[in-house]
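Worksheet: the structure to be examined is printed underneath.
Each reported figure results from applying straightforward, stated rules to the coordinates on display, with no laboratory input. Quantities reported herein were computed from a predicted structural model and do not represent experimental measurements. A quick note on method: Cβ atoms are made from the backbone with ideal geometry, for glycine too, and the neighbour counts reach across all protein chains shown.
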Amino acid sequence: MSNFTIKKVLVEEGARKRAFTDEVLSKLPGIPVQHVKGITSATVSDELDMGKDTLHLLSYKGEFLKPCPGTREYICCGYQILNVATNCPINCSYCILQSYFNQPNLRVFANLDEKIDQVLKEIDSKPECIFRVGTGEFTDSLAIDSITCWSDLLIPRFSERKNAVLELKTKTTQIDRLVAGKYRDRIIVSWSLNSPYISAHEEHKAASLKKRLEAARQCQSEGFVLGFHFDPLIPHPHWKDEYLRTIELMDKYIDPKGIIWISLGSLRFMPGLKPIIRRRHPGSCVLDGEFITGLDGKMRYFKPIRIALYRFMRENLEKWHQNLGLYLCMESDDVWQKSLGWSPKNTIGLSSYLDRRVVEIFG
Ligand code: SF4
């Protein structure tokens, strides 16, 4: 069961008469459908809800596979985003997508089935590279999988490739289609985790932490490799006790030997997000800390605070298990050294480290 519902479907011209669109509509009987030409005042809903209950089907004209938008100033992981949709129904208060995209609604690309072969051709043309691909950067990978069936389209195709892995990142328990399928190889199912307090108060339509970890346990027992992401870590009252509780829950549910990687990142955002959080989430605590402007123009916590967060997480995660593939998201060499005790030095170094994890786990 998901925590959110679709109340309206918009179908742009380019998405009409497509098998994908027909499939989606068949899964939403009784939901009003409106045919539209593009973004008009009729397609834009209330600014506050950002159209998170409106499914907007369109044909995407851009590149489906693109590098994660890292910045030169920090060490990036060399990830590739498979751009299946933009915006997300989970509605986390801290979500950077609130200011990243200037168009509302759950925008789902109805021509993915037509373009996926092109993506795979690109992957196949570079057998010497490992493509770490994920669908969970611009939306939640599984939140609407029961409607879009992305996993049916993508999992078999990625599972049979030796130079790629597909990571499905979620805060939900929507794993039915995954576990019902027969494919496991080269697929990583990942959960974004936070402290119990942040999960309950700031991740509005996400599954509870316990439910997320129960779903992760089920995936693990069904043979899937797992990943976890603590991003954004947020200092809040009793944060150490709070994050320890999450690690204790992980210990209760998960065998750490089946984890490919765990990323750590701290809250960072372009200044334009601040007024949006204040307006959309007036009770939120995520802006309570002190922020500085980083080299990439984003607001971040002071360096000593970031180091304290990462060091604490590293020490306690490594008490649980030594070999978890820990890495930092968008941090500098000295923050790596001071918090994890080593550094990949640059984006090439971090990419090689994560590629080695892929080879260790999948062969
Ligand atoms: S789950 Fe991720 S993409 Fe969705 S609202 Fe939360 S932070 Fe944004």
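Observations on the structure shown:
- Using R0 = 35 Å, the C-beta based FRET efficiency linking D288 and E360 works out to 0.35.
- Inter-site label distance for Y100 and N316 at 7 Å from Cα along Cβ, in nm: 2.6 nm
- Cα-Cα separations in the chain greater than 31 Å, expressed as whole percent: 33 percent
- Amide H contacts of N346 (H built 1.01 Å from N, in plane; Pro and chain starts excluded): no residue 5 or more places away or on another chain comes under 5 Å.
- Loop-located trypsin sites (Lys or Arg not before Pro) in segment 72-166, at most 15 other Cβ atoms within 10 Å (DSSP): R72, K162
- Debye-formula intensities of segment 1-155, expressed as log10 I(q)/I(0) at q = 0.16, 0.18 Å⁻¹, are -0.94, -1.16 (one equal scatterer per alpha-carbon, no solvent).
- Phi angles across segment 85-95 convert, under the Karplus curve 6.51 cos²θ - 1.76 cosθ + 1.60 with θ = phi - 60°, into 3J(HN,Hα) values of 6, 10, 6, 8, x, 5, 6, 6, 4, 8, 4 Hz, Gly and Pro given as x.
- Exceeding the 22 Å Cα-Cα cut-off - candidates K121/K171; K52/K121; K257/K319; K37/K205: K121/K171; K52/K121; K37/K205
- Based on the Kirkwood approach, the hydrodynamic radius assigned to segment 216-363 is 16.7 Å, with every pair of different Cα atoms included.
- For segment 94-228, the Kirkwood estimate of hydrodynamic radius, built from reciprocal distances between every pair of different alpha carbons, is 15.9 Å.
- Computed FRET value (nearest 0.05) for K17 with E248, which takes r as the C-beta separation and R₀ as 41 Å: 0.20
- Per-residue ³J(HN,Hα) for segment 334-351, Karplus 6.51 cos²θ - 1.76 cosθ + 1.60, θ = phi - 60°, Hz, x for Gly and Pro: 6, 5, 4, 4, 6, 10, 9, x, 7, 9, x, 6, 7, 4, 5, x, 5, 4
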